[in-house]
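The numbers here are math on the coordinates, done by the rules we state, and not lab data. Quantities reported herein were computed from a predicted structural model and do not represent experimental measurements. Every residue, glycine as well, gets a Cβ built from its backbone with ideal geometry; the counts of neighbours run over all protein chains shown.
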Amino acid sequence: MSGNQGRQSRAQRTTEQYSGSWASSSQDFARAANHLYYRSAVCARNSGGNASWAPLPGIPMLWSALRCLLLELNAGLYVWNFRQENRKVLAAMAGTASDLQVIIEHYPILEPLASELHVLYEVRHEIVHPATRPGPEADHTPAYLRTLRERGLLMSTRQETDYAWISQLQSHRLFRWAFETVADTVDVLLAHHDVPHEHMPIRDTYREYRTIDAA
């Protein structure tokens with residue numbers, strides 16, 4: 001089977017209405033991310049406060065949860081109010097590999113959240129499509145993501161020569177920021193679709209990181 005067949009199948013399932021059963025897969029991915037976050041918190045405490053392997057699988061998992069939530073909201077899983085705008089979002093999801101572009105173009109994502117999402121999407125790319133050889137920077141932090149270093153979100157020696165780049169991403173603080181950014185985005189999505197109160201536990205799943213850190 002070719003890669004094109006797979007993409008065509010996923011696009012068809014995104015835009016077309018077929019009979020059959022489906023459920024909130026966004027919650028499955030979000031819960032998996034929460035389990036990873038728990039392991040991250042334990043690992044960070046055991047290492048002295050921040051070092052953790054869990055952001056590497058966890059941050060891409062958060063983006064998978066967001067993509068599923070976009071599909072669920074626009075295909076009427078929580079609110080059956082299928083408008084032309086919903087069709088446009090589903091078509092955009094099927095026609096682009098960038099979930100970030102879909103969110104920014106179709107939802108009222110304001111600053112500074114929009115900028116945070118852009119940075120987080122690049123972090124996701126660095127993990128899913130890694131380039132593990134060193135760059136020109138002595139501290140190994142790519143220049144276009146230097147804001148993460150300046151904000152203390154990376155695993156760092158804070159010296160001129162630092163850990164390898166992928167090691168810098170193994171940071172519990174980075175994972176916490178990722179969860180916070182995704183949770184704020186989820187709030188915007190749910191509010192935009194007027195999701196009723198009985199579905200608000202969807203939001204709570206993305207805020208569980210606060211409870212984990214407080215434990």
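The mean sequence separation of alpha-carbon pairs under 8 Å and at least six residues apart, normalised by the residue count of the chain, gives a relative contact order of 27 percent.
Indicate the helices, whole DSSP H runs only, in the chain that combine a mean Kyte-Doolittle hydropathy of 0.5 or more with a Cα extent along their long axis of 27 angstrom or more. Intermediate values should be presented prior to the final figure.
On the way: long enough: 25-47 (33 Å, -0.62); 55-74 (29 Å, 0.94); 172-192 (30 Å, 0.32).
Going by DSSP H runs, the hits are 55-74.
Put a plus charge on the Cβ of each Lys and Arg, a minus charge on the Cβ of each Asp and Glu, and nothing anywhere else: the dipole of region 26-214 about its Cα centre is then about 340 debye. Using only the Cα atoms of the chain, each taken as one equal point scatterer with no solvent, compute I(q) by the Debye sum, divide by I(0), and report log10 of the ratio at q = 0.08, 0.09, 0.12, 0.14 Å⁻¹. Debye intensities relative to I(0), on a log10 scale: -0.31, -0.39, -0.68, -0.90.
Within region 67-170, which trypsin sites (Lys or Arg not before Pro) sit in a loop by DSSP and count at most 15 neighbouring Cβ atoms inside 10 Å?
Values: sites: Arg67, Arg83, Arg87, Lys88, Arg124, Arg146, Arg149, Arg151, Arg158; in loops: Arg83, Arg151, Arg158.
Taking region 67-170 and a limit of 15 other Cβ atoms within 10 Å, the loop trypsin sites (Lys or Arg not before Pro) found are Arg83, Arg151, Arg158.
Across all Cα atoms of region 124-201, the radius of gyration (one decimal) and Dmax (whole number) stand at 16.6, 52 Å.
Counting each DSSP H run of 4 or more residues in the chain as -39500 (n - 2.57), what helix-only mean residue ellipticity at 222 nm follows after dividing by all residues, to the nearest 500 deg cm²/dmol?
On the way: 10 runs with 136 residues, N = 215.
Calculated at 222 nm, the ellipticity per residue is -20500 deg cm²/dmol.
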